[in-house]
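Presented below is the structure to which this report refers.
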Amino acid sequence: MRIIHRSFAFVTLVAAAGMLQTAGAQGQNEQSATAPKPALGRFSGSLRAVTSRQVTDWSRFSGTVEIAPAPEKAPGIYRVTIRLSTIMSSGAMNIMQWSVAPGRCGTMFNALVPAADLPPLNQRPGGDAEIIWDGPLPITDKGSYQSAIFIGGGNTQGDIIGCATLRYEAPKK
C-alpha cells in the first residue's frame, strides 16, 4: 500500500509539473503573439515653433523630421533625419537637443530615449542644423509620436522650442 501511495504522489507531481510547463509555454506564445512589432513604414512631420519665454522671434523657424527603418539594420533600428532652419544664432542656440515621445505636440513629452543620450543638432552659421542618427526606438505602426527640439542643450518640457507631430506612412507593397 505504501508503494502505491508513493507512486500515486509521484504521478500527481509529474502531471502538475507538466500542466505548469504547458501553461507557461502557452503564456509565452500569447505574449509573443501580442507583443508590439516594430514599425516597417516611416513617420514624418513638419517642425513648428513652440512658444517659449526664452525665444521671442519666431519669424523663421521650420524643419522636418523623418523616422524610417534604417537600411540593412535589424528591425527596431531606425534612421532619424532632422533638418532645421532658424534665424536664431545666439550662444544658447548653437547646440539643440532632440528626442521622440509618444503622443502629439502639446501633450506631455515623455521621451522614448533621453535627449542627453542622443547626438545634438549643431547649428551652423546662418541658422541651419541637421542630424542623421541610426539607433533603436521602441515605436510601432499603431502608436502616435512627436519629436521635439530643445533649446541650449536642455531636455525639459519648458525647453522645447519646436515640435513635429509625426504621421505614419505604411510601406509601399
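Every number here is computed from the coordinates shown, using simple stated rules; none is lab data. The structure presented is a predicted model; accordingly, all values stated were derived computationally and were not measured. Note that each Cβ is placed from the backbone with ideal geometry, even for glycine, and that neighbours are counted across all protein chains shown.
Modelled this way, with points 7 Å down the Cα-to-C-beta line, the labels at Lys37 and Arg124 are 4.0 nm from one another. Counting neighbouring beta carbons within 10 Å and listing from fewest to most, the residues Ile87, Ile161 come out as Ile87, Ile161. Partner lysines whose Cα lies under 16 Å from the Cα of Lys73, excluding those fewer than 8 positions away in the same chain, are identified as Lys37. Label sites at Arg104 and Glu169, each approximated as a point 7 angstrom past Cα along Cα to Cβ, lie 2.1 nm apart.
Please give the FRET efficiency for Ile87 paired with Trp133, using the beta carbon to beta carbon distance and R0 = 30 Å, rounded to the nearest 0.05.
On the way: r = 25 Å, r/R0 = 0.83.
Using R0 = 30 Å, I get an efficiency of 0.75.
Residue order for Ser147, Ser62, fewest other beta carbons within 10 angstrom first, comes to Ser62, Ser147.
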